[in-house]
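The values are calculated or read from the model by the stated rules, or taken from the named source; none is laboratory data. Keep in mind it's a predicted model, so treat the numbers as computed, not measured. A quick note on method: Cβ atoms are made from the backbone with ideal geometry, for glycine too, and the neighbour counts reach across all protein chains shown.
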(Lines give C-alpha, C1' and ligand atoms only; values in the text may rest on other atoms or scores of the structure.)
Protein backbone atom coordinates (compact mmCIF):
# COMPACT_ATOMS: atom_id res chain seq x y z
CA UNK A 1 0.00 0.00 0.00
CA UNK A 2 1.10 3.58 -0.64
CA UNK A 3 1.77 6.49 1.68
CA UNK A 4 2.61 10.13 1.06
CA UNK A 5 3.60 13.07 3.22
CA UNK A 6 2.59 16.39 1.70
CA UNK A 7 4.20 19.63 2.79
CA UNK A 8 1.41 22.21 2.76
CA UNK A 9 2.16 25.93 2.67
CA UNK A 10 -1.33 27.03 3.77
CA UNK A 11 -2.28 29.76 6.24
CA UNK A 12 -0.39 27.57 8.70
CA UNK A 13 2.55 25.62 7.33
CA UNK A 14 2.14 21.93 8.12
CA UNK A 15 2.57 18.41 6.80
CA UNK A 16 -0.11 15.88 5.89
CA UNK A 17 0.39 12.15 6.36
CA UNK A 18 -1.79 10.08 4.03
CA UNK A 19 -2.13 6.30 4.12
CA UNK A 20 -3.86 4.31 1.40
CA UNK A 21 -6.48 2.43 3.38
CA UNK A 22 -9.99 1.12 2.67
CA UNK A 23 -10.00 2.63 -0.83
CA UNK A 24 -9.20 6.18 0.30
CA UNK A 25 -6.26 8.22 1.59
CA UNK A 26 -6.72 8.37 5.38
CA UNK A 27 -5.21 11.71 6.36
CA UNK A 28 -3.68 13.46 9.35
CA UNK A 29 -2.35 17.02 9.56
CA UNK A 30 0.98 17.01 11.40
CA UNK A 31 1.73 20.65 12.31
CA UNK A 32 5.40 20.16 13.25
CA UNK A 33 6.24 17.51 10.66
CA UNK A 34 6.86 13.81 10.99
CA UNK A 35 9.12 12.62 13.81
CA UNK A 36 12.56 11.65 12.53
CA UNK A 37 14.34 10.43 15.68
CA UNK A 38 13.49 7.28 17.61
CA UNK A 39 11.06 8.09 20.42
CA UNK A 40 10.01 11.45 18.98
CA UNK A 41 6.29 12.11 18.94
CA UNK A 42 4.16 14.68 17.17
CA UNK A 43 0.55 15.73 17.39
CA UNK A 44 -1.46 14.57 14.35
CA UNK A 45 -5.01 15.75 13.71
CA UNK A 46 -7.13 13.39 11.64
CA UNK A 47 -8.82 15.23 8.79
CA UNK A 48 -11.26 14.10 6.12
CA UNK A 49 -10.36 11.22 3.84
CA UNK A 50 -9.06 12.15 0.40
CA UNK A 51 -9.30 10.32 -2.91
CA UNK A 52 -6.36 8.10 -3.78
CA UNK A 53 -5.63 10.33 -6.80
CA UNK A 54 -4.81 13.16 -4.39
CA UNK A 55 -1.79 11.23 -3.10
CA UNK A 56 0.13 12.20 -6.25
CA UNK A 57 -0.97 15.86 -6.18
CA UNK A 58 1.53 18.69 -6.18
CA UNK A 59 0.52 22.23 -6.96
CA UNK A 60 -1.49 25.20 -5.83
CA UNK A 61 -4.83 24.95 -4.05
CA UNK A 62 -6.87 28.03 -4.90
CA UNK A 63 -8.60 30.32 -2.42
CA UNK A 64 -10.82 28.73 0.19
CA UNK A 65 -10.29 25.67 2.34
CA UNK A 66 -6.67 24.56 2.36
CA UNK A 67 -5.47 27.27 -0.02
CA UNK A 68 -1.72 27.23 -0.63
CA UNK A 69 1.08 25.31 -2.28
CA UNK A 70 1.33 21.54 -1.79
CA UNK A 71 4.54 19.56 -2.36
CA UNK A 72 5.26 15.86 -1.98
CA UNK A 73 7.78 15.76 0.88
CA UNK A 74 8.07 11.95 0.89
CA UNK A 75 6.27 8.96 -0.54
CA UNK A 76 6.63 5.24 -0.79
CA UNK A 77 5.08 1.99 0.33
CA UNK A 78 4.01 0.91 3.77
CA UNK A 79 3.23 -2.32 5.53
CA UNK A 80 0.29 -2.34 7.94
CA UNK A 81 1.41 -4.01 11.18
CA UNK A 82 -1.57 -3.28 13.45
CA UNK A 83 -4.97 -1.63 13.07
CA UNK A 84 -7.46 -1.01 15.87
CA UNK A 85 -9.79 1.88 16.59
CA UNK A 86 -7.12 3.48 18.79
CA UNK A 87 -3.84 2.42 17.20
CA UNK A 88 -2.34 2.17 13.72
CA UNK A 89 1.15 0.71 13.41
CA UNK A 90 2.93 0.86 10.06
CA UNK A 91 6.35 0.27 8.58
CA UNK A 92 7.07 3.17 6.20
CA UNK A 93 9.45 2.57 3.33
CA UNK A 94 10.00 5.93 1.69
CA UNK A 95 12.90 8.06 0.51
CA UNK A 96 13.08 10.01 3.80
CA UNK A 97 10.94 8.00 6.21
CA UNK A 98 12.00 4.43 6.89
CA UNK A 99 10.95 2.51 9.94
CA UNK A 100 8.08 1.81 12.29
CA UNK A 101 5.58 4.56 13.08
CA UNK A 102 2.65 4.26 15.45
CA UNK A 103 -0.41 6.48 15.53
CA UNK A 104 -2.28 6.49 18.88
CA UNK A 105 -5.61 8.17 19.56
CA UNK A 106 -4.99 11.08 21.94
CA UNK A 107 -8.45 12.09 23.23
CA UNK A 108 -7.05 14.55 25.80
CA UNK A 109 -6.16 16.84 22.89
CA UNK A 110 -9.52 16.50 21.11
CA UNK A 111 -11.74 14.03 19.33
CA UNK A 112 -9.61 13.99 16.16
CA UNK A 113 -6.24 14.09 17.90
CA UNK A 114 -3.63 11.37 17.54
CA UNK A 115 0.06 11.09 18.40
CA UNK A 116 2.44 9.84 15.73
CA UNK A 117 5.57 8.25 17.19
CA UNK A 118 8.70 7.02 15.44
CA UNK A 119 9.67 3.78 17.20
CA UNK A 120 12.61 2.80 15.03
*residue 42 touching a strand residue (DSSP E or B) at 6+ places or on another chain (Cβ under 9 Å), free of Cβ contacts under 8 Å to residues at least 40 places away in the same chain, closer than 16 Å to residue 97 by Cα and in a strand (DSSP E or B)*: no
*Across the stretch 1-22, what is the total count of residues that are out of contact with any helix residue (DSSP H, G or I) (no Cβ under 8 Å at 6 or more places or on another chain), closer than 26 Å to residue 63 by Cβ and without any contact (Cβ under 8 Å) to a residue 60 or more places away in the chain?*
7
*residue 37: in a loop (DSSP other than H, G, I, E, B), at pLDDT 95 or above, more than 13 Å from the chain's Cα centre (by Cα) and closer than 17 Å to residue 2 by Cα, yes or no?*
no
*asked:* So, residue 25, is that one under 17 Å from residue 4 (Cα atoms), touching a helix residue (DSSP H, G or I) at 6+ places or on another chain (Cβ under 6 Å), assigned to a strand (DSSP E or B) and touching a residue at least 24 places away in the same chain (Cβ under 8 Å) or not?
replied: yes
*Considering every residue within the stretch 78-88, establish whether at least one is modelled with pLDDT of 95 or more and in contact with a helix residue (DSSP H, G or I) (Cβ under 8 Å, 6 or more places away or on another chain).*
no
*If you go through the stretch 28-39 one residue at a time, how many are exposed (fewer than 14 other Cβ atoms within 10 Å of the Cβ) and in contact (Cβ under 8 Å) with a residue 40 or more places away in the chain?*
4
_Looking at the structure I just gave you, is residue 48 assigned to a strand (DSSP E or B) and surrounded by fewer than 11 Cβ atoms within 10 Å (Cβ to Cβ)?_
yes
*Scan the stretch 1-26 residue by residue and report those that are farther than 24 Å from residue 100 by Cβ and crowded, with 16+ Cβ neighbours inside 10 Å.*
8
*Filter the stretch 54-68 for residues that are touching a strand residue (DSSP E or B) at 6+ places or on another chain (Cβ under 9 Å) and outside any strand (DSSP E or B) and give the result.*
54, 55, 56, 57, 58, 66, 67
